[in-house]
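Rule-based calculations on the coordinates, nothing more; no lab input. All values reported here derive from a predicted model rather than from experimental measurement. Don't worry about glycine lacking a Cβ; one is built from the backbone with ideal geometry, like all the others, and counts go over all protein chains shown.
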Amino acid sequence: MKKLLFLGILFLSQSLFAQIPYGSNNGKYLSIRGAKVYYEEYGKGTPLLLLHGGFGSISNFNQVIGPLSKNYRVIAIDSPGQGRSEQIDSISYQIYANYYASFIDQMKLDSVYVLGWSDGGNSAYILAYDRPDKVKKVVVSGSNSDTDGYPDGAIDAMKKWTPETISEEFKEYWLKDFLKLSPNKNNWQKSYMQLKHMWITKEVISDDHLSKIKSKFLIVYGDRDVTKLEHGLHIYRKIPGSQLTILPNTSHFVFVEKPTLISNMIVDFLGK
């Protein structure tokens, strides 16, 4: 009976979390370098910044925000040019890291934890290197430090991308949601090309900078991640004192496929 009651409560809590429209739930805007950046907050405690992936938004984390907000002050940000945030003139992983650093300062956060997925993880490496005064612990999933981590042939394929030849996959995964949320829906081609150019730029962060990071890192990949696991092992060996975890039977989309497992790992890592 107790087990059934526990399962019922667990199911109810997960259902309630799932029903919250994360990414469009009474958020606020912060003006950073002339652009309105959208964010949402949940829970109390140490601030935990959530940095989503490319062609994404806060909703990338919709299955883990609820569990994480029971332990932390979750602050989920739509990156400039994505989600509900305004476009900016140009983007790169460094530019995104600069915006996140400005966000931390404007919010007057003494110190933060960071959770970054894919592109968000890439910028989290830079943010941790640039701001050791603020960034204490970081969890990244499916991230890379340069394009060596991509599957063979990926760069050549992406170089051919244009708004006119956008695939049905990207229309379904990205464009439909972009057109629902974005204040820049009439200029979606700009965000598409900006992200493409960021993706094909060779270096995200140098090995030298990785080796000088002071923040504590948990590096996560699915065992079927799009990022090469050998590349993840390289990053793990470069960041002093970092931890590496490979999730079984999991792709790049760990927050959808294993939300309970990844949430528990994050809480365990940040709590130590």
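The C-alpha atoms of the range 127-272 occupy a region whose extents along the principal axes are 47, 34, 32 Å, arranged from largest to smallest.
Helices that extend 15 Å or more along their long axis by alpha-carbon positions and average at least 0.5 on the Kyte-Doolittle scale are, among the DSSP H runs of the chain, 2-19, 259-271.
Tally Lys/Arg at +1 and Asp/Glu at -1 over every other residue whose Cβ is under 9 Å from the Cβ of PRO183; what's the total? Overall, the nearby charge balance is +2. What separates the Cα centres of the range 187-213 and the range 128-177 is a distance of 8 Å. Largest GNM mean-square fluctuation among GLY232, GLY56, GLY153, using the chain with Cα springs under 10 Å: GLY153. Computed 3J(HN,Hα) for the range 26-31, one whole-Hz value per residue from the Karplus formula 6.51 cos²θ - 1.76 cosθ + 1.60 where θ = phi - 60°, is 6, x, 10, 10, 10, 7, glycine and proline marked x. The Cα atoms of the range 39-198 give a gyration tensor whose axes a ≥ b ≥ c have a/c of 1.5 or more with a/b greater than b/c, which makes the shape prolate.
Footprinting exposure proxy ranking of ARG84, ARG237, fewest other C-beta atoms within 10 angstrom first, gives ARG237, ARG84.
Other residues whose C-beta falls under 10 angstrom from the C-beta of VAL74 contribute a net charge of +1, scoring Lys and Arg +1 and Asp and Glu -1. Pop out the ³J(HN,Hα) list for the range 167-177 in order, Karplus 6.51 cos²θ - 1.76 cosθ + 1.60 with θ = phi - 60°, rounded to Hz; leave Gly and Pro as x. These are the phi-based 3J(HN,Hα) values: 6, 4, 4, 6, 4, 6, 6, 10, 5, 4, 5 Hz.
Comparing VAL135, HIS234, GLY43 along the charge dipole axis of the chain, the residue lying farthest to the positive side is GLY43, per the Cβ-charge model.
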